[in-house]
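Worksheet: one structure, shown below.
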Amino acid sequence: MKVITTTSEMFSTRSDLADTIGLAPTMGYLHEGHLSLVRRARAENKIAIVTIFVNPSQFGPEEDLDSYPRDLSRDLDLLRAEGVDMVFVPSPDELYPSGYQTWIELAELSGVLEGARRPGHFRGVATIVAKLFNLTRPSRAYFGQKDAQQAILLRRLISDLHFNIDLVICPTIREGHGLAMSSRNSYLTANERERAAVLFEALTTAGTTYKAGERDASKLRALITDKLAAEPVAHPEYVSIADLETLHEIEGQISAPVLVSIAVQVGRARLIDNVWLGVHVG
Ligand code: AMP
C-alpha cells in the first residue's frame with residue numbers, strides 16, 4: 001500500500017495509471033461505515049484510493065476541528081488489511097497553501113438543513129472533494145448515505161462541473177442497536193451510546209408508518225419529534241422531511257422520494273441520521 005502525502009506525488013502517481021480507480025474520501029478514525037465504502041471501491045475498480053484528511057475548511061470556528069478523533073497508524077493498518085492500493089494523507093498546508101482563495105459553493109443545496117446550521121460547511125466539503133477529484137481523477141467515488149445532504153450535493157457538483165465520475169452512494173452501516181456508525185460516536189458515554197439508538201428508532205417508526213400508507217409529511221414529522229422527546233438525553237435540532245433532489249421541505253402530501261433527516265445533540269456529540277422513503281439505496 002502506497003502512502004502519499006504530497007500533491008505532486010499524488011499527481012505523478014495518478015498519471016502513471018490507466019486503470020479504473022475507485023475513490024473513498026474520509027476524515028479518518030475509520031470504522032465499518034468507512035470500510036464498507038472501501039470494500040466497494042476495491043471490488044468495483046482495479047485501483048482503490050482512500051484519502052484521509054480532516055478538512056479544516058468544513059469546520060466552523062466553534063466546531064470540533066482540534067478535538068476531532070485521529071489515529072493514523074490504526075487507520076493505515078485497517079486499510080492495508082483491506083488491500084487498498086493507495087492512501088492519500090496530505091497536510092492542511094499541502095492542500096491550502098498560503099494565498100489559497102478558490103471556493104466552490106452550491107447556490108441552494110449548501111444553505112439548507114446541515115448547511116443552515118453549519119454555515120460554510122458545504123462550501124468546505126464541495127471545495128475539498130472537487131480538489132480530491134482533480135488530484136485522483138477517479139472513475140467512481142464512494143460516499144455514505146449517512147451524510148445524505150453531502151451525497152446529494154456532490155451528485156449535483158459532479159453534474160454541474162462536468163466531472164466524469166460515477167457517484168456511488170453506500171447504505172448506512174449501524175451498530176447492533178441501530179445507532180449509525182460515526183467517528184464522533186467516540187464523544188458519547190456508554191449510556192449515551194445506548195440511548196442514542198432512539199434516533200434510528202424514530203426514523204424507523206416514520207418509515208414503517210410511511211410504508212403503511214401515511215403520506216402526510218407533518219404527521220410523520222410529529223411521530224419522529226414525539227419519539228425523540230421521550231428520550232431525555234436527546235436534544236433535537238431539527239426534524240426534516242424534504243424532497244430528495246431539491247431538499248425543499250415538504251409541507252403537505254409526500255408524492256416523490258423524500259429524505260427524512262434529523263440532527264440531535266446527545267451529550268457532547270451532535271448526531272445526524274436519515275432514511276430515504278420512496279427509493280432504494282445500495
Ligand atoms: P467522514 O470520515 O465522516 O467524512 O466520512 C467519510 C465517508 O464515509 C463519507 O462518505 C460518509 O458518508 C461515509 N460514512 C460515514 N459513516 C458511515 C456509516 N455509518 N455508514 C456508511 N458510510 C458512512
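For the reader, a short list of remarks on this structure follows.
- For the chain, the relative contact order comes to 17 percent (Cα pairs under 8 Å, sequence separation of at least 6).
- Within region 11-42, backbone nitrogen closer than 14 Å to the virtual label 7 Å beyond the Cα of residue 166 toward Cβ: 20-23, 40-42
- Treating each Cα of region 134-184 as one equal point scatterer and applying the Debye formula with no solvent, the log10 of I(q)/I(0) at q = 0.29, 0.31 Å⁻¹ comes out as -1.12, -1.20.
- Loop-resident sites, region 173-256, for GluC sites (Glu not before Pro), counting at most 15 other Cβ within 10 Å (DSSP): 214, 245, 251
- Working from label points 7 Å from Cα in the Cα-to-Cβ sense, the residue 245 to residue 93 distance is 4.7 nm.
- Report summary: the helix-based calculation at 222 nm, which adds -39500 (n - 2.57) for every DSSP H run with n ≥ 4 and divides by the residues of the chain, gives -10500 deg cm²/dmol.
- Gyration tensor over alpha-carbon atoms, region 2-170, equivalent ellipsoid semi-axes in Å: 23, 18, 17
- Spin-label model, residue 5 to residue 226: label points 7 Å out along the Cα-to-beta-carbon direction sit 5.6 nm apart.
- Cα pair distances in region 49-125, grouped into 10 Å bins until the bin that holds the longest one, percent each: 16, 38, 33, 13, 0
- Multiplying the residue separation of residue 103 and residue 81 by 0.36 nm and removing their Cα-Cα distance gives an extension gain of 4.4 nm.
- Take every pair of alpha-carbon atoms less than 8 Å apart whose residues are at least six positions apart; their mean separation over the length of region 1-132 yields a relative contact order of 32 percent.
- Placing a pseudo-label 7 Å from each Cα along the Cα-to-Cβ vector at residue 31 and residue 194 gives an inter-label distance of 1.8 nm.
- Degrees, to the nearest 10: 198-211 long Cα axis against longest axis of the chain: 70 degrees
- Reported to the nearest whole Å, the Cα centre-to-centre distance from region 178-221 to region 226-263 is 11.
- Ranking 150, 259, 128 by Cα position along the charge dipole of region 125-282, where only Lys, Arg, Asp and Glu carry charges on their C-beta atoms, puts 128 farthest toward the positive end.
- A Cα-only calculation for region 189-241 places Rg and Dmax at 11.7, 38 Å.
- Note that region 109-266, at 37 °C in a medium of 0.692 mPa s, gets a Stokes-Einstein diffusion coefficient of 193 µm²/s from its Kirkwood radius over C-alpha pairs.
- Within the chain, percent of DSSP bridges classed antiparallel, to nearest 5: 50 percent
- Phi-based couplings in Hz for region 135-143 (Karplus 6.51, -1.76, 1.60; Gly and Pro marked x): 6, 10, 6, x, 7, 9, 10, 10, 9
- Its Kirkwood hydrodynamic radius, worked out from the mean inverse distance over all distinct Cα pairs, puts region 1-95 at 13.9 Å.
- A Förster radius of 45 Å, combined with the Cβ-Cβ distance separating residue 219 from residue 134, puts the computed FRET efficiency at roughly 0.50.
- By the count of other C-beta atoms within 10 Å, a proxy for reagent exposure, 4, 158 are ordered fewest to most as 158, 4.
- Which of 103, 229, 213, positive extreme of dipole for the chain (C-beta unit charges): 213
- Using alpha carbons only: equivalent-ellipsoid semi-axes of region 183-277, gyration tensor based, whole Å: 25, 13, 10
- Calculated from the alpha-carbon coordinates, the chain shows an Rg and a Dmax of 18.9, 57 Å respectively.
Read-outs: derived from the displayed coordinates by stated rules, not from any lab. Values in this document were obtained by computation on a predicted structure and should not be read as measured data. Because the Cβ atoms are built from the backbone with ideal geometry, glycine has one as well, and the counts that use them run over all protein chains shown.
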